[in-house]
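Enquirer: One structure is given below, represented as structure tokens, and several questions about it will come after.
The values are calculated or read from the model by the stated rules, or taken from the named source; none is laboratory data. Remember, predicted model here, so these are calculated numbers, not experimental data. All Cβ positions, even for glycine, are placed from backbone atoms using ideal geometry, and neighbour counts span all protein chains on display. Please note that ligands, DNA and RNA were not included when accessible areas were found on the heavy atoms of the full protein model with its side chains. Shrake-Rupley method; radii C 1.70, N 1.55, O 1.52, S 1.80 Å.
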Amino acid sequence: MKSRWDDLALLLAVVDAGGFTAAAERLGTSTARLSRAVSRLERQLDTTLVQRTTRRLDVTEEGALFIAQARQALDTLEAAEEALTVRRREPAGRLRVDAATPFLLHQIVPHLAAFHAAYPKVRLELTTHETNIDLIEQRTDIAIRIGRLEDSSLHARPLGHSRRRLVASPDYLARHGTPATAEALSAHVLLGFTHLPQLNRWPLRGGCSVTPTLASSSGEALLRMAEAGLGIACLADFLTRDACQAGRLSFVLEDAMLERYEPIQAVYYRNTALEGRIAAFLDFLAGRLTL
């Protein structure tokens, strides 16, 4: 198969140079070698790819179709080989990663020591923004985004999905009672977001858009408020899991909840110089997330 790929590369060189002699001069090889390569392909395909004359080289109609596909195939092969080469090198250099505070604290920070031990030459810089940022403007290499993506110019790698559920502290429920229906929420203190209205639409059957009694731009702040017994919040499982397992929070209206999951993805611009660092970080992170 390798000889077939070599012959394809030589065919493209002949076509791009406009003839066997010019291609041989560019490649530092003989016209006989190029002619044999093209002839082998034509025999294998049982098709004439190029018409040879003493003055010019014409590509046949069948040859043009084949060459277009061959060029695409060689580009794909070259990109695959480049990706493997990059991954084999030891990643080194700065890598800037941005995520919302809750995801950063609960899903990335716990694994930093292990990542540094595995990739000691990567200088990881972490930033937090509660809304989507412009990667170029903020000089960021990777951003973790939760929810449906809108920017098609970015490359995206799915990391998983997370469910949102209603939670409150046992102390709050003991003092204010446990709501039995979605309608009963109107009698409670509701904790919500100041800047992400879609997160104030709680996934309850029949729909439920809330006006928060207490609000914050940070999911981490809402978690602390719920743990402190200030009210009922709707937060992602990856944020509340530890608190629920430790008994600091309890689920509310479980039977009325819709089982909806939000996608979590890493987005980045393709940059060969950074590809090894990006792949190392995302491969490492993907195997450790608890969503």
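Enquirer: Would you mention how many residues in region 239-277 are touching a strand residue (DSSP E or B) at 6+ places or on another chain (Cβ under 6 Å) and either closer than 21 Å to residue 113 by Cβ or open to solvent by 60 Å² or more (accessible area, probe 1.4 Å) (or both)?
Expert: So the answer is 5.
Enquirer: How about region 125-145: which of its residues are open to solvent by less than 50 Å² (accessible area, probe 1.4 Å) and at pLDDT 90 or above?
Expert: Across region 125-145, the qualifying residues are 127, 140, 141, 142, 143, 144, 145.
Residue-by-condition table, conditions (1) without any contact (Cβ under 8 Å) to a residue 40 or more places away in the chain; (2) touching a strand residue (DSSP E or B) at 6+ places or on another chain (Cβ under 6 Å):
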site	(1), (2)
34	yes, no
38	yes, no
42	yes, no
52	yes, no
59	no, yes
62	yes, no
71	no, no
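Enquirer: Given the options 164, 148, name the one that is over 30 Å from residue 93 (Cβ atoms), open to solvent by 80 Å² or more (accessible area, probe 1.4 Å) and in contact (Cβ under 8 Å) with a residue 40 or more places away in the chain.
Expert: On inspection, the qualifying residue turns out to be 148.
Enquirer: Could you grab me the full set of residues in region 76-89 that are open to solvent by 60 Å² or more (accessible area, probe 1.4 Å) and at pLDDT 80 or above?
Expert: Residue satisfying the conditions is 76 alone.
Enquirer: Go through region 163-183 and give me each residue that's part of a helix (DSSP H, G or I), of a type in the set (A, V, I, L, M, F, W, C) and within 18 Å of residue 230 (Cβ to Cβ).
Expert: Those that are part of a helix (DSSP H, G or I), of a type in the set (A, V, I, L, M, F, W, C) and within 18 Å of residue 230 (Cβ to Cβ): 173, 174.
Enquirer: Hey, any hits in region 93-101 for a residue that's modelled with pLDDT of 90 or more and in a helix (DSSP H, G or I)?
Expert: Yes, there is a match, as at least one residue in region 93-101 is modelled with pLDDT of 90 or more and in a helix (DSSP H, G or I).
Enquirer: Condition first: more than 16 Å from residue 74 (Cβ to Cβ), surrounded by 15 or more Cβ atoms within 10 Å (Cβ to Cβ) and not β-branched (Val, Ile, Thr). Now tell me which residues in region 41-63 satisfy that.
Expert: Residues satisfying the conditions are 42, 57.
Enquirer: If you check 187, 228, 221, 215, which single one turns out to be surrounded by fewer than 12 Cβ atoms within 10 Å (Cβ to Cβ) and either modelled with pLDDT of 95 or more or among the aromatic types (Phe, Trp, Tyr) (or both)?
Expert: 187
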